[in-house]
Amino acid sequence: MDRTVLITGADRGLGLGLAGLLLSQGWHVLAGQYLPAWPELTGLLQQYPQRLNLFPLDVASMESVQTAACSLANQVERLDVLINNAGVNSPTNERSIREGLDYADMHRLYDINALGPLRVVEAFLPILDRGGMKRLCFVSSEAGSIGRMTRTAWQPYCMSKAALNMGIQILFNRLHPEGYTFRVYHPGWVRSYMGGQKNNQADLEPEQAAAYAIPFFLNDLENEDHLSLIDYQGQTWPW
Ligand SMILES: NC(=O)c1ccc[n+]([C@@H]2O[C@H](COP(=O)([O-])OP(=O)(O)OC[C@H]3O[C@@H](n4cnc5c(N)ncnc54)[C@H](OP(=O)(O)O)[C@@H]3O)[C@@H](O)[C@H]2O)c1
């Protein structure tokens, strides 16, 4: 039977790159769709009708996440790998404490970037328990590293990713003894849609970024007993 992976925020950017590459490698892909009008996932469905399931998923809504988990529990036997990729940036990141911070947007980013992956893990654990790999992957960011933070603004995004990292460590403490393995990842600067439009100034096309990420997500590590934030070049970042 094909191995099965679930990807959140798979409509475009890195998530779409991961979906396309994993399908080409023979995986069964469950792709969370946040933007039903965006055409590329539908194109992949025409190419891989047997191995791609599209389903609506808003990681900010427990109802949406639970509805997806209930529906997929009846459609797939098991889930081997979960990739928590969905994330957002803030249009008011550039405001420093001198300009006044946007607290409403900080709440929004915390809800999506930090709490979203926890909702998804919680709802999909029963299906993951049935899988062989028990691998939980999280797309975090260098922006969540307190140890190397030099920015003078960007609280909304950076604080949400630092909170995500803490949430992952606590999940690791609880689930690693049950056989779960974890990946926490900074994908590099990707030409994705975080600013609303494709950012062609960035370093990596989403397909390139996906090609860096997949071996890290799927291959076993020498030491699975320790959690680290690793970037696309294999460098470790401090928490
Ligand atoms: N791009 C970079 O340089 C970079 C660097 C470090 C880390 N990352 C991380 O990489 C991950 C992927 O981002 P990306 O760069 O590929 O950006 P992207 O192109 O914006 O892709 C993220 C996807 O998640 C979707 N999404 C937004 N809110 C969601 C929600 N509530 N539920 C489910 N999906 C939702 C987005 O939809 P919308 O387009 O409608 O928002 C989009 O389709 C994110 O976690 C991001 O923080 C990116």
Open item on the list: Could you work out how much longer the chain between T236 and E224 gets when fully extended? Use 0.36 nm per residue separation minus the Cα distance between them, nm to one decimal.
Closed with: 2.9 nm
Task: Estimated distance in nm for a label pair at Y110 and Q197, the labels positioned 7 Å out from Cα along Cα-to-Cβ - done: 3.2 nm
Task: Size of charge dipole - segment 4-237 - debye, nearest 20, with Cβ of Lys, Arg +1 and Asp, Glu -1, no other charges - done: 160 debye
Task: Longest to shortest principal axis, alpha-carbon extents of the chain, angstrom - done: 56, 41, 34
TODO: Quick one, can you get me the convex hull of the C-alpha atoms of segment 1-76 expressed as volume per residue in Å³?
DONE: 80 Å³
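Values in this text are rule-based calculations from the coordinates and carry no lab data. All values reported here derive from a predicted model rather than from experimental measurement. Cβ: placed from backbone, ideal geometry, glycine included. Neighbour counts: every protein chain shown.
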